[in-house]
Structure formats: structure tokens, C-alpha cells
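The values are calculated or read from the model by the stated rules, or taken from the named source; none is laboratory data. Everything numeric here is computed off the predicted structure, so don't read it as measured data. Glycine also receives a Cβ, built like all others from the backbone with ideal geometry; neighbour counts cover every protein chain displayed.
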Amino acid sequence: MRQKPRYVEASRCTACGACAEKCPTKVPNEFNFGLDEHKAIYKDYAQGIPSVYTIDPTHCRIFQGKKCGVCAKTCQAKAIDYEQKEKFVDLNVAAVIISTGYELFDATRISEYGYGRLPNVISALEMERLLSAGGPTKGHLTRPSTIRAEARVRELAKRIKKAETDQDMENLGRFQAELKWLEAQIHKHHTATKLGFIQCVGSRDFRFHKYCSSFCCMHSIKEAIIAKEHEPQTESYIFYMDLRTVGKGFEEYKVRGEKVSGLKYVRGRVAEILEDDEHNPIVYYEDTEERRVKSMTLDMVILATACSAPKGVNPLAEMLGVELDENNFIKTHPNRPLDTSVPGIFSCGCAQGPLDIPESVAQASSAAARAAEVVMTGGLALAM
Amino acid sequence: MTGNQKEEIRIGVFICDCGSNIAGYLTMQELVDYARTLPNVVFVQENLYTCSESGINEIKQAIPTHNLNRVVVASCTPRTHEPLFQSACEEAALNPYLFEMANIRDQCSWVHMREREKGTERAKHQIAMAVAKAARLRELSRIELGISHRAVVIGGGISGMSAAMALGNMGYEVDLVEKQEKLGGLLNSLNIVLPANEPSSRLLHDLAARISANDKIIVHTSSEVTKAEGYVGNYVVTIREKSAENRVKAGVIIVAIGARALKPEGLFGYNGKSVITHLELEALLKQGAPAAKNVVIVQCVGSRCAERTYCSRICCMTAVKNSILLKEADSRNKVTILYRDMMMYGVENEDMFRKSKELGVRYVAYDPAKLPQVGEDFVKVYHQRMGKEISIPAELVVLSTPLVAQEDAANVSSMLKVPLNENGFFLEGHVKLKPLDFATDGVYLCGSARFPATIREAVSQGLGAASRAAIVLSKEALFTSGIVADINTETCCGCLGCVDVCPYGAIRFVEEKEICQVNKVLCKGCGGCAATCPSESAKLDGFSSEQIYAQIEQAFAS
């Protein structure tokens, strides 16, 4: 087992956060999809386990050969160790469980949806971060174009100051005009209140994944309900093929979304997303219930991106000798749902295909049972 | 509980800086000086991190050195750190329940970051409250319980069999109790199972053979569990087998009673002949394909409606599977599925769905407000996508009905004191994080008794429930918490207020004495009874009225 260095000694770090407070280097926060920044010594989020800070060596000044060491000086627990090395640990085990999960489908591959190009077209996971009280906007649905505009406003303020000092009247006028326009935009479009959720982005699509990703219908409904709870004037449209509300209490939740939160379920696949000159996304879709092609202008569009097998699974599977299915999920048999093609190696969760939380949790216990059978009988149970 | 009232109370207070989390916003020296003035406090120490190895050692050393018999730590939340400090006390031979915490970080320095003076004042109050309570703490003890390393699995369908098999393989003795004369449950009525594409009988036969070959598993068919008494680790379960009754000791019980298919009496012209259910179709398919050339399958019959609000999860797959089998039997057969949403979630189901379309199965979405009309040899349906009513020839109509709760689910629920939801399915401990547990320790859940499940899911949940149960079975003994409720037999008037509020079924009414009594093993120390009791007869050890009133007084002291 290879353990990567975090350059912080886990047994000493008390997660007090003094290091991050003093660290001079700001880095776009990957966990929040770059919607805000954190420091070069960081923790993804407050409740992360283990509760230990990590240094990002690609940005930390020390690792870039510059002078710093502020975190080591600040840390009273003496947990910083710039010399920490990769560790290799040999484990002698009777059973292995593969629970490597999934990664998000790269929505830029669907160019007609404009993800990555249109600022107010985001993925459902970005929406989770926006709705999170611990996220970049503390739970407020600020449009990503506004977040960018606010950053530009801060920059313009500095430039205007400099232009004033330099008596650079030409640029001053230009900056002031841009500032005025941006401020008007921020004022007009600060909060996203008209939302479109697009289902099956990369799933049930022959160009990408043929399968259904199982959990996206529910998280879109959930996000729409939470948005409405946060901002009562929010309107949400969910563009779907089938609303697959198959879990315990799911159908009831969907009905409540419509009746109580006023969500509109629109049966139809979105063909294309464009935007107007104020970054409002316009979706073009076929309403199959009215049998007409329509368009709708929205504040923000949330893509229910598919559950994809993680890229790293191929070398792992090769090393362990386990078979993958055509989608690169770990192959299992429907009647022996935890067993891989290699006796003693089990898998659970989204590593073997899309699953929702309760099924994943149940499967985790099941995989533990299969592993326990092997461990407790010295391998005899493999015959099951 | 030992009474040591006369002993001199000697309290040690440890105040944590938490790096700068506390020390950065409160004036620590003031807190230390203040703590020294509090009654019974004989030792005060400030730590950089009380939870660090050196902080813990300072607690362990101070207890014997200063002869401390109570310890207070003013730091963060007991939720994460109380067990650590309690074990430090225990290692220094101090009863862990003679320990108290004041949360001056989360509840003080973090919320008063810009108010050093007021925050420091508040922290003083919090420390004084903890000290006041500590002076009134009593030693408590954890009860050690023996365990029966045996499991009872109620229900011998696919999930119950899987659970029994896993426990048997781990080396635990299992009583697998099935009501019918043979194992298998609903699988006995099925024909071919997809996506495995094998006869259901073969799957069942394999599993049943492995179960009978496992000498740890005792199968009781034509049997029923009629009584279960006791608590986690120590149940006595009565199994009625034919006319004999047997009592077995068991550490855990797994509920795997499954579900049954709804019979659609009065719906869509159901008659059991030309309008049938999937179970009836499966019986026909077992004997070869039915003669009908035109088959219409109707989804959501008796589900996703006012009467039964839920989606039964597996009926779409059943319909798609049977449509494939009908097409494969004769490709000239015309099969149409009338649906609302095709719930073919995941990889295998979507594959199956696509295959059926490739074979020519026709799908027509209908509007629940305009239900299909079943006629003599046709079905009329408003075709939503075409916007008009169409008529489809049909010699055979198959109704996809939901799985509904077993008729005896309510009995099992009251026998084991575990809850059902509004649809009669068992209600798990937490819908996301504890899908196979109940709030009651020692009882677990799997399969369609929880919610309709596919074979894959039922097997997985059976194994999972076995895994949860093995956590108990693998222990030599269980320890209860010292924080449990107690009811004063002298003053209790038997009003039953506590019985009603207890979420764990830990309090029973003793009829002959007309009082209520706490089962300390089942009690989880929530204090609901103590807060409810009008005569203060119910008290929670470690949170007695005397202790809490003392804290409240300190909170309002100037």
C-alpha cells in the first residue's frame, strides 16, 4: 500500500487551523470547483475525516523553492514536516474489498450543453457546494457569473485607484464604464431564482454511457427543494425522460416536490443550451407532453452528470486480476452481488455500478460479511 | 453505585487553549485564576492541547499527585472528546463518570470571537457550571452482559437464506424460521430470473443445498416465531414448529419476512384468466408460453396512487423481463407495456430495457389522470405522446401490481418492538445511514420486509444484516453505559408517562406493583422519561435533577 505524504504529521495535528490562517498562498479551491479559494495548507471541509491539514506541494512556497515556512512557525503542535516521504506499507490480508466509488462524467464532452463555456451552466455537484452552508457562498445561490463579476469588480477597484494616481484618464473611463455595467449586472442577476435541471447528462446516451446513473433524479429533486427552501421565490424545472423514484419514500418525495415546493417536471430531452448577452442560459427542448419544441430562458442550469467509473480503476483491476464490465465497473454476478471474478476479492458501492446511499451502505456491510466469512473460516467460505 | 458522600470533594480543572482556537479569543489567565476560586477546586492547569498526549498525561499525573476525585476539562465538545478524557481518568483509577466537560470552544470562543471580555465572562460561567455539577457526580458502573452467540432469522426467502448462510459461514449457529413448508419465499413462484437468466428454481436449489450442508444452520419450516423476550445478546425466542413449541436463546434476531404481491381485485377487470398478475403469468410461462398473441402489460396497478403512494421498485423490471420472455418464445407475439415512468435504474436494468425494445416490445406512456380501459379483447389508452386515444388488441392483459407488506408484519413489529412505516414496511434505524438496523439494538432487517428489493439487493441486504448482527455475535460480552435511567419505586405512581415517551421500549409497567421499571440494558440514557415524569421518580444517572439544578443556579449566579 502506498501512502502519499501530506507533509503534516497526522498524529500531532489538532486541526486548529492556525497554519491556514497565516499561510500566504491562495489556491483555487478544488473541492468547491474553483468557486472560491483556500490556502496552500488546507482541509477540504470542516468535518473531514481524518481531521488533519494537508500541504498542496504544487502551490506551497517551500516546495516551489521560495522562502516561507510560516506554517511550521505557526504550528504549536509541531506537526509540519516538509521532509515527509511517500510510505509503502505491506499488509498481509485474507480478503480485499474494492470500494473505489465513481467519478463525475465530464460534461464538457457534451458540447451542445456548453458546460465549461457558459458560466451559469454547472454540474449537480457544484450545485451541492453552492447550496452548502459550508460552501463558497454559504448556501446562497449566487450565480457563478456573479461570483466572477464580483472578483472582477475587486480587481477593477484596484485598477481605478491606480489609474487615478497615474492620471491615466483613458483607462480610468474604460474601467469605470465596465465597473458600472458589472455592478448593474450583479444587482440585477445576483441570485439564481429560475433554475433548470437537466437529467441524464452522459447517462442513457449511446454516445457516452448507455446505463442509467440511478441517483440523479433524486438529487435534482432534492437540490430544487432545498433551493426553494433557501429562496422562496425560486422556480425550478426538471427536464427528464423517466423520473426514477424507486427508493423508499422517493416517489412521495417527488410528489411533495411538485405539490409543496412547486417544482415543474418537464418530460423532454434538452437539445441545446445557449446564452443571452447577460449570461442567462436558454434551453431548447422538446416538450413531449405538448409535442412541441420550445425554449426557456433561465438564471442557471444544473446538469445531472452521470456516474462514471473512475479512471484509476483499470490499473487497479489489472493488478488485482479482477474483471471489469464494458463500462469499467467491477464485474459481479446478480446472485452473488459482492463477489468479483477473483475469490477473496469483493467489491461494494459505486465501484460496481451506480447506487444510492442506502444501497451503498447496505452493500458495504454485505462486503464486510463476505470478507468476515473468509477471515473467520480461513478461506473455506470462498466456496459459497 | 457506591455512596461516598462524606468524602472530601477534590476537583481538578484542566483548561485547554486548543492552540489559538480558545486562547486566541479568551483571556486564559483570567479563567485559570477564576477556576481556583471555585468551591472544591484544588488544582487548575492550563494546557496547550488537553487532548494531546502531553495533556492526557498531565491529567493522569495530577489525579494521584493532588488526590483528585473529580475532573473537569474546559475545552471542546464531549461528542468527540469525552471518551478520551474519561479513559484518562479510568487509567488513573478514577471512575470515568466522575468527569465533566465545559465546552468553551464551540459554545464560547467560536461564537464570541470579537468579544473577548464578554466571552471570557461566559466561559467562567460555563466552568463554574461544570464544577458545580462535578461536585455532585456519583460513581456509576457499566453492566457487563453475557451473550448468546446464536442468531434467529425470521423468514426463509432469498434474503433470510443469504443472512443465515453468511452467519453459518462465520461459524455462528442459526435458526432459520420459515412459515411455509419449504424455503424460498416469493422465488418459489417465479419462472426465469433476469439478468442472471436462469430458472429461479436452480438458484433456490443451490442455496437450499448449501444451507442444508451447513451444520451450523437449523432450518425450521412450517414454523413461526410466536414470542421474543429479552434484549440484545440475550433473547429467548419461541419457535412453533407444527404443534411443538421450542424456546431458543439468541443474541440477535434478523427480520426477513419479505412481502407479498398485491392481488388487484376490482382493478382493470382483473379476473385471473384473461386479466392476470405477473405471478400468474410466471406460472403460465413455467409451463410454456401462453397462447395469447397480443399481450398488454399495465404498470403501476395499485401503486403510485392515493391508496398506495409508493413506487414498488421492482415491477418495471418484472414487466420488461416477462416481455422479453414472451418475445423470445415467439417473435411474432405483440407485447405492449403501458407505463408512467420506466424505472429501469442502473446498468443491468437499462440493458434489459434496451434489449426488450430491440426485440420489438412497444412502450406507451399513459397519464394517471386518464387510466387505460381494459375491454373484451383490447385495451384503450390515451397515447400521451401522440395526443390521442388508441386501441390495442389484447387477448391477455397482465397487471403489474406492487409488493405490499406481509399480513403478519404488524405482529412481528409489536413482538419485537420495532416500528413499521405508513405502508406497513419495517422502518429502519436511519433511512440513509442505518438501512439494515433498527433503533433497538440486536434486531436487524433485510429484503422486501424493508422495501421491495431485487434478488441482487435482497442477497446483498441479507449478507449486510448478517454483518451487522455479527458485530454483536463476535463479542465476548456487552457493556451497557453507566448513563441509564432509574425509577424510584417508592414514589412512582404508574402513570405510564415514561413508557409512552421511551423510544427504545426500555420501560415496562409492572402490573402487580403498579409501577414502571427500566430495563437498564435497553435504556440508552436519552432522559426522555426523567423529563416527562411528573413526580421526578424517573431520574437519569449522570444527569440527576440535583446536578442539573446546581448547574442552572451557577448559570444565573453573578
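Scanning the stretch B:502-512 turns up no residue that is modelled with pLDDT of 95 or more and not in a strand (DSSP E or B). Taking into account only those residues within the stretch A:86-100 that are surrounded by 14 or more Cβ atoms within 10 Å (Cβ to Cβ) and in a loop (DSSP other than H, G, I, E, B), which is farthest from the chain's Cα centre (by Cα)? Ranking the qualifying residues of the stretch A:86-100, first place goes to A:Ala94.
One line per residue, one yes/no per condition, for (1) more than 26 Å from A:Cys307 (Cα to Cα); (2) part of a loop (DSSP other than H, G, I, E, B); (3) out of contact with any strand residue (DSSP E or B) (no Cβ under 8 Å at 6 or more places or on another chain); (4) modelled with pLDDT of 95 or more:
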site	(1), (2), (3), (4)
A:Thr165	yes, no, yes, no
A:Leu172	yes, no, yes, no
A:Trp181	yes, no, yes, no
A:Phe197	no, no, no, yes
A:Ser203	no, yes, no, yes
A:Phe208	no, yes, yes, yes
A:Tyr211	no, yes, yes, yes
A:Glu223	no, no, no, yes
A:Ser236	no, no, no, yes
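Among the numbered conditions (1) among the small types (Gly, Ala, Ser); (2) crowded, with 23+ Cβ neighbours inside 10 Å; (3) more than 28 Å from B:Arg202 (Cβ to Cβ); (4) away from chain B (no Cβ under 11 Å), the only one that A:Ser308 does not meet is (2).
If you go through the stretch B:371-404 and keep only what is more than 20 Å from B:Ala292 (Cα to Cα) and of a type outside the set (A, V, I, L, M), you end up with B:Tyr382, B:His383, B:Gln384, B:Arg385, B:Gly387, B:Lys388, B:Glu389, B:Thr401, B:Pro402.
Scanning the stretch A:262-301 for residues that are part of a strand (DSSP E or B) and of a type in the set (D, E, K, R) turns up A:Lys264, A:Arg267, A:Glu272, A:Glu275, A:Glu286, A:Asp287, A:Arg292, A:Lys294.
Within the stretch A:268-288, is even one residue within 14 Å of another protein chain (Cβ to nearest Cβ) and aliphatic (A, V, I, L, M)? No, every residue in the stretch A:268-288 fails to be within 14 Å of another protein chain (Cβ to nearest Cβ) and aliphatic (A, V, I, L, M). For the stretch A:61-76, the set of residues classified as within 17 Å of B:Leu48 (Cα to Cα) and among the aliphatic types (A, V, I, L, M) consists of A:Ala72 only.
Does the stretch A:3-12 contain any residue that is in a strand (DSSP E or B) and not assigned by TED's automatic domain parsing to the domain that holds A:Ser123? Scanning the stretch A:3-12, I find at least one residue that is in a strand (DSSP E or B) and not assigned by TED's automatic domain parsing to the domain that holds A:Ser123, so the answer is yes.
Looking at the stretch A:320-334, which of the residues that are outside any strand (DSSP E or B) and surrounded by 19 or more Cβ atoms within 10 Å (Cβ to Cβ) is farthest from the other protein chains (Cβ to nearest Cβ)?
Applying the first criterion (outside any strand (DSSP E or B)) to the stretch A:320-334 yields A:320-323, A:325-329, A:331-332, A:334.
Keeping just the survivors that are surrounded by 19 or more Cβ atoms within 10 Å (Cβ to Cβ) gives A:322, A:329, A:332.
Working: A:Val322: 16, A:Phe329: 7, A:Thr332: 8 Å.
The qualifying residue farthest from the other protein chains (Cβ to nearest Cβ) is A:Val322.
In the stretch B:130-217, counting only strands (runs of 3 or more DSSP E) that sit wholly within it, the ones holding 1 or more residues that are surrounded by 21 or more Cβ atoms within 10 Å (Cβ to Cβ), under 22 Å from the mean Cα position of the chain (by Cα) and hydrophobic (A, V, I, L, M, F, W, C) span B:150-154, B:173-177. Would you confirm whether any residue within the stretch B:320-329 is among the polar types (S, T, N, Q) and either part of a loop (DSSP other than H, G, I, E, B) or touching a Cys at 6+ places or on another chain (Cβ under 6 Å) (or both)? Checked against the condition, which is being among the polar types (S, T, N, Q) and either part of a loop (DSSP other than H, G, I, E, B) or touching a Cys at 6+ places or on another chain (Cβ under 6 Å) (or both), the stretch B:320-329 yields no hits at all.
Kindly indicate which of B:Ala555, B:Ala530, B:Ala550 is assigned to a helix (DSSP H, G or I) and touching a Leu at 6+ places or on another chain (Cβ under 6 Å). Only one candidate passes the filter, namely B:Ala530. Condition first: at pLDDT 95 or above and of a type in the set (Lys, Arg). Can you find one or more residues in the stretch A:38-58 that meet it? Looking through the stretch A:38-58, at least one residue is at pLDDT 95 or above and of a type in the set (Lys, Arg).
Total residues in the stretch A:347-363 satisfying the condition of being within 10 Å of chain B (Cβ to nearest Cβ) and closer than 10 Å to A:Ile98 by Cα: the figure is 2. For the stretch A:103-146, the set of residues classified as surrounded by fewer than 22 Cβ atoms within 10 Å (Cβ to Cβ), part of a helix (DSSP H, G or I) and in contact with an Asp or Glu (Cβ under 8 Å, 6 or more places away or on another chain) consists of A:Glu112, A:Glu128, A:Leu131, listed by residue number.
Listed by position, the strands (runs of 3 or more DSSP E) contained in the stretch B:1-115 that have at least 1 residues being over 38 Å from the mean Cα position of the chain (by Cα) and either among the small types (Gly, Ala, Ser) or more than 22 Å from B:Arg136 (Cα to Cα) (or both) are B:11-16, B:41-47.
All of (1) within 14 Å of chain A (Cβ to nearest Cβ); (2) surrounded by fewer than 20 Cβ atoms within 10 Å (Cβ to Cβ) hold for B:Gly55 with one exception: (2).
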